[in-house]
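The next block holds one structure in the form of structure tokens; read it before the comments.
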């Protein structure tokens, strides 16, 4: 591409651009930058996620700066942007695709996400099994509460889960 | 066998850029009966047409095949060309090398050239069997039906009436005036809508050539161009139009209160009322759904009866069916305003101070519920800050994909009015995606708005919430300054777009007109025939064809009126000879053709010689030449002129033979 970002001298990544356009052409082509997604974005106020900017940067191919930044991991996946978009496009799907590229390229991924994956492989749950602290500062675990022990997932689950992750790669 | 001339058009590079026209012309020379074959840059040009005319004389051509663009484009042009050279115009065959070949296969020039050769071969095969035909002449009624009494219907009616035609203007509402009557000022000149519309409404009522039928609907249309028969249902008003003087005393006496439709539900009216302050005719009407006497019987209420000095109220009035004979019909049925309640995040319907742009017009209008003072509906106080939100329901794939064409200008106008009426202190914001100010004087109008300290925010709010202080909280990401802004507004105005009417389905059925994918009524050609429908003699005017502002509606309406005048002024006109012809000797009288004909153009009659035998007869003027009967006839007794079985079979044969 003949495009250069004069502030950083970065050039668009043509290969990634083509790849992502192939899968999400409609999302990226029809966005007309009304910024309604950003106006209502849950993650913007705290974490400055600007969905319409991500849409345009991805369309132009400035993908590297996105996948190396932490910004794509701030999306709360509330889907308000998808629900309200006047052009029926989904910034959410673009963000998820960018995350997948980031994983594939072994870019820096926030620890919490890696933790969640190993957690699922280990226990089958996205959440860690927590203890409860009562008002009397008594610590209670499942055993003390007479709750059944959580079974560890089988090997089949693990292989299926990993397979699904593979399949959802871009 | 006839002498045939073949002409291959380059159409600039439209055809020649893909198809090797020279090779196609060379190939045509090898076909039987072809005595001359040429290619030319633009056959539709004057020298191109002259070339054909000279060849007709020089080579004694009896058939002409022109391989060019779609026959929809230039068949009529070329028919005139050959007719001027003395050939019957129906001895021309147009082969479509553009839409059906070069444009469709622009990436495969070699195959496209082969296909072009085959198309020409087929054209020549059919041309050989073409028969000379004469156009038919039919007489017409010089009356016109105009449906819808908004500005488009009014303009069309006045134009036609002034040209000497008798016009029946049918309006569904109790008064004419339509949407324009609800507006305060009009952009970009800010002249008062009522001041320019009301005189025209009065002209309509007074014009000796116009018969005004309000509170009426067209229920049935039969017949054909020049000779339509129309049934109009005039619903009872329960008030005698000739006696009522429009004093309004009955309204004051009526105990039943209902939301005022003309004021978009912002105020209340009574079960008997005059539709609007400028209503034409200025006659009261009783709403049968709400009137106590009409609902519960003769002994109930009747207060209006006692107050009416003119003795105009008549509870015995019955619906009336009126039969009209007209030569042409203009549909000026208008459009609706988008219902913003369909977008839940905007809170329309939930928050009283979120209003639509048409409601703002009523608030701003001197004859509206607030007497022209801009007040918040909930608090009754003037707003200190107003937010306009653009593109509500338009440019929105979830609702209407198209641009409403008026939303931007309406909001600019309303912002200017708010500034003028509320003074310099009120904060005014317009949240937009693009400001589209494309008409004459519109961009200047946009500049005028900027001059009045109106804030433009590039960005569309995602939702409207109510703030603890009772104001409306609008959050919008402003993409020029890259800031998420929060505005506390007293009034939010939604720029709702123009949408197809809910009853368009019924209208399209009654009048046999199609609808386009956006839901509006479909014109015959988007560029070249925007006033006509595909049904001959039925025309479109105004916003029923697509979103339009007032200048566009008026221009469209005057255009439609001119088209009607063109059609009816001679008292008769020519129609295509493409019709079905029955051979009575072969007809078995089975009646399949009658049951299949979409135009009701076939009648079964008893034969004069043998009264037992039924024979199909084509009503010439009704027949549109679709060919359904000819293909359905089990005994091949019906021939479709200009598309005979022989002609079509010859074409198929030419398509299938080896090269």
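Brief remarks follow.
- The residues B:454, B:43, B:196, when put in order of fewest to most other Cβ atoms within 10 Å, stand as B:196, B:454, B:43.
- With respect to chain B, whose longest principal axis is taken over its alpha-carbon atoms, helix B:71-84 is tilted by about 50°.
- Centre separation in Å (Cα based) which lies between segment B:463-486 and segment B:495-533: 38 Å
- With coordinates expressed along the principal axes, the C-alpha atoms belonging to segment B:543-659 extend over 59, 52, 26 Å, beginning with the largest.
- Here the extension length gained between residue B:299 and residue B:534 equals 79.3 nm, from 0.36 nm per residue of separation less the Cα-Cα distance.
- Per-residue ellipticity at 222 nm computed for the protein assembly as shown from its helices equals -9500 deg cm²/dmol, with DSSP H segments shorter than 4 residues left out and the rest contributing -39,500 (n - 2.57).
- By DSSP, the beta bridges lying fully in chain B are antiparallel in about 50 percent of cases.
- In this calculation the C-beta distance from residue B:3 to residue B:527 is compared with R0 = 35 Å, giving a FRET efficiency of 0.40.
- Residue B:138-residue B:596 pseudo-label distance in nm [points 7 Å out on the Cα-to-Cβ vector]: 2.2 nm
- Modelled label positions at residue B:242 and residue A:154, each set 7 Å beyond Cα in the direction of Cβ, lie 9.2 nm from each other.
- Of interest is the spacing of the C-alpha centroids, which for segment B:144-188 and segment A:5-55 amounts to 49 Å.
- When each of the peptides B:411-419, A:43-51 is scored by how many other beta carbons lie within 10 Å of its residues on average, the order from highest to lowest is B:411-419, A:43-51.
- Springs join every pair of Cα atoms under 10 Å in this Gaussian network model of chain A, and among A:152, A:52, A:93 the largest mean-square fluctuation is at A:152.
- Residue A:143 paired with residue A:42, simple spin-label distance in nm, labels 7 Å along Cα-to-beta-carbon: 3.6 nm
- Put in order of Cβ neighbour count within 10 Å, fewest first, the listed residues B:432, A:30 become A:30, B:432.
- DSSP-defined beta bridges in the protein assembly as shown - what % are antiparallel, rounded to 5: 50 percent
- Once the Cβ-Cβ distance of residue A:105 and residue B:379 is raised to the sixth power relative to R0 = 60 Å, the FRET efficiency obtained is 0.60.
- Global geometry of segment B:249-307, whether rounded, prolate or oblate, following the gyration tensor of its Cα atoms and the 1.5 cut on a/c: prolate
- Gyration tensor (alpha-carbon) shape descriptor, the protein assembly as shown, a/c threshold 1.5: oblate
- FRET efficiency for residue B:636 and residue B:609, using Cβ-Cβ distance with R0 set to 30 Å, rounded to 0.05: 0.90
- Three-way shape label, chain A, alpha-carbon gyration tensor, a/c 1.5: prolate
- Helix A:91-104 and the long axis of chain A differ in direction by around 80°, with both axes built from C-alpha atoms.
- Look at the stretch B:453-460: the mean tally of other chain Cβ atoms within 10 Å of its residues' Cβ atoms is 2.
- The relative contact order of chain B, computed from alpha carbon pairs under 8 Å that lie at least 6 residues apart in sequence, is 13 percent.
- Each 10 Å bin from 0 upward holds the following percent of the Cα-Cα pairs of segment B:580-641: 26, 59, 16, 0.
- Rounded to 10°, Cα long-axis angle of helix B:407-422 versus longest principal axis of chain B: 20 degrees
Each reported figure results from applying straightforward, stated rules to the coordinates on display, with no laboratory input. Here the structure is a predicted model, which means the values were calculated and not measured. Positions of Cβ are generated from backbone atoms using ideal geometry, with glycine treated the same way; all protein chains shown enter the neighbour counts.
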